[in-house]
């Protein structure tokens, strides 16, 4: 983090690269939303008139990822100057970075958790060592990706922010508030179908656990 020295002018290709990442993220979210219908009902809610269970926690993560991706796209586009050069000169560029990383973390959660639950069902019926190794590999890769997206990426974006200390600290505070709010909402969603305690203390503990999600996978 450094104080801004003169006007900030970031090459437009920096922003375009991030829009490409967000495009891929939207594709993954859309794919996984359709794929959830084919997975077994582990952790899913069965509703009358529906053939497939609703994976409420995974669906919540994927919808949040979708929404954050759209907001990040808007933030990136808004960061570009409307002139013949189009350089990015607004702090919304870093805001878009933070939103992008949180959307990627939500996508990882919505992608890996249902498959981990399905693997648990397989292990219960066929407890072979190879399947356990497969689950461990999913946990390590998915958990590592989640921590990098939720913490490492935002930390690097804030540390390298060229928009001055005041703007950067404000963005950091906003990201922390967003992360905590999403964790509380995720804990309450999980409590709906009994995967987390329903009392206030239980939900509070679950909300803290959502800040280190892979530890409960």
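The values are calculated or read from the model by the stated rules, or taken from the named source; none is laboratory data. The shown structure was predicted, so the numbers you read here are calculated from the model rather than taken from an experiment. Note: ideal-geometry Cβ built from the backbone for every residue, glycine included; neighbour counts use all protein chains shown.
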Please find, among 61, 44, the residue that is touching a helix residue (DSSP H, G or I) at 6+ places or on another chain (Cβ under 8 Å), buried (at least 24 other Cβ atoms within 10 Å of the Cβ) and either at pLDDT below 95 or over 29 Å from residue 143 (Cβ atoms) (or both).
61
Please enumerate the residues belonging to segment 77-118 that are touching a strand residue (DSSP E or B) at 6+ places or on another chain (Cβ under 8 Å) and part of a helix (DSSP H, G or I).
93
Please go through segment 13-30 and pick out each residue that is loosely packed, with under 14 Cβ neighbours inside 10 Å and either under 15 Å from the mean Cα position of the chain (by Cα) or in contact (Cβ under 8 Å) with a residue 40 or more places away in the chain (or both).
23, 24, 27, 30
Being in contact (Cβ under 8 Å) with a residue 12 or more places away in the chain and either part of a helix (DSSP H, G or I) or in contact with a strand residue (DSSP E or B) (Cβ under 9 Å, 6 or more places away or on another chain) (or both) narrows it down to one residue among 149, 177; which is it?
149
Give segment 160-183 a look and list any residue that's within 20 Å of the chain's Cα centre (by Cα) and either surrounded by fewer than 14 Cβ atoms within 10 Å (Cβ to Cβ) or modelled with pLDDT under 90 (or both), or say none.
173, 174, 176, 177, 181
Can you list residue pairs whose Cβ atoms sit under 6 Å apart, with the first residue in segment 76-93 being without any contact (Cβ under 8 Å) to a residue 24 or more places away in the chain and the second being surrounded by 17 or more Cβ atoms within 10 Å (Cβ to Cβ) and not in a loop (DSSP other than H, G, I, E, B)? Count only pairs 6 or more apart in sequence or on different chains.
78/92; 92/75
Where residue 92 falls short, out of the listed (1) over 17 Å from residue 174 (Cα atoms); (2) modelled with pLDDT under 95:
(1)
Which residue is modelled with the highest pLDDT, if the candidates are limited to segment 184-203 and must be touching a helix residue (DSSP H, G or I) at 6+ places or on another chain (Cβ under 8 Å) and exposed (fewer than 14 other Cβ atoms within 10 Å of the Cβ)?
192
